[in-house]
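Here's the structure we're looking at; comments come further down.
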Amino acid sequence: LVAEIEKKITEAFEVFDRESNKTVDVREIGCIIRSLGCFPNEAEVQELLEKIEVEEPGGFVHLENFLPVMTKVLLDRRFRPIPEDVILHAFEALDGNKCGYITKEDLVKHLTEQ
């Protein structure tokens, strides 16, 4: 099980490893974590980063430092996805016309206006 999880993490990490040198920009960590089916908020991402040795001053994370921390997160089943009914409720709140879809324009409006 651990080997499968580590393989999954490594594959997700490599997608963001643009230099193919087993490092990623620290700003990519949240995306990597979310691509693995975990949905921490930004404060929780920062907590994880405190456990991972980040290379200064460039702000790079090495796979060897990320792997054990993320393996534990997946084994502990932390940061579970948001339940479907909550997502559906949020979608319905954005679907003002109750037509079952949101146009690109409406989505942009909702995401850029306060």
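Every number in this text was worked out from the coordinates using simple rules, so none of it is lab data. No experiment lies behind these values; they were computed from the predicted model shown. Neighbour counts are summed over all protein chains in view; Cβ atoms, including those assigned to glycine, are modelled from backbone coordinates with ideal geometry.
If you scan the range 30-87, which residues turn out to be of a type in the set (Phe, Trp, Tyr) and closer than 16 Å to residue 2 by Cβ?
66
Surrounded by 12 or more Cβ atoms within 10 Å (Cβ to Cβ), basic (Lys, Arg) and closer than 18 Å to residue 23 by Cβ: is that true of residue 109 in this structure?
no
Residues in the range 46-64 that are surrounded by fewer than 17 Cβ atoms within 10 Å (Cβ to Cβ) and under 15 Å from the mean Cα position of the chain (by Cα): how many?
Residues meeting the conditions: 2.
If I filter the range 9-37 down to residues being under 18 Å from residue 73 (Cα atoms) and touching a residue at least 40 places away in the same chain (Cβ under 8 Å), which single residue comes out as surrounded by the fewest Cβ atoms within 10 Å (Cβ to Cβ)? I'd like the intermediate steps shown before the answer.
Taking the range 9-37 as the starting set, the residues that turn out to be under 18 Å from residue 73 (Cα atoms) are 9-13, 26, 28-37.
Next, only the ones that are touching a residue at least 40 places away in the same chain (Cβ under 8 Å) stay: 9-10, 13, 33, 37.
Numbers: 9: 23, 10: 15, 13: 23, 33: 24, 37: 13.
Result: 37.
Please determine, by comparing only the residues of the range 65-92 that are among the hydrophobic types (A, V, I, L, M, F, W, C) and touching a residue at least 24 places away in the same chain (Cβ under 8 Å), which one is surrounded by the fewest Cβ atoms within 10 Å (Cβ to Cβ). Before you say what the answer is, go through the steps one by one.
Let us first name the residues in the range 65-92 that are among the hydrophobic types (A, V, I, L, M, F, W, C), namely 66-67, 69-70, 73-75, 79, 82, 86-88, 90-91.
Restricting the remaining residues to those that are touching a residue at least 24 places away in the same chain (Cβ under 8 Å) gives 66-67, 70, 73-75, 79, 82.
Numbers: 66: 26, 67: 17, 70: 26, 73: 20, 74: 20, 75: 11, 79: 18, 82: 9.
If we take residues in the range 65-92 being among the hydrophobic types (A, V, I, L, M, F, W, C) and touching a residue at least 24 places away in the same chain (Cβ under 8 Å), then 82 is surrounded by the fewest Cβ atoms within 10 Å (Cβ to Cβ).
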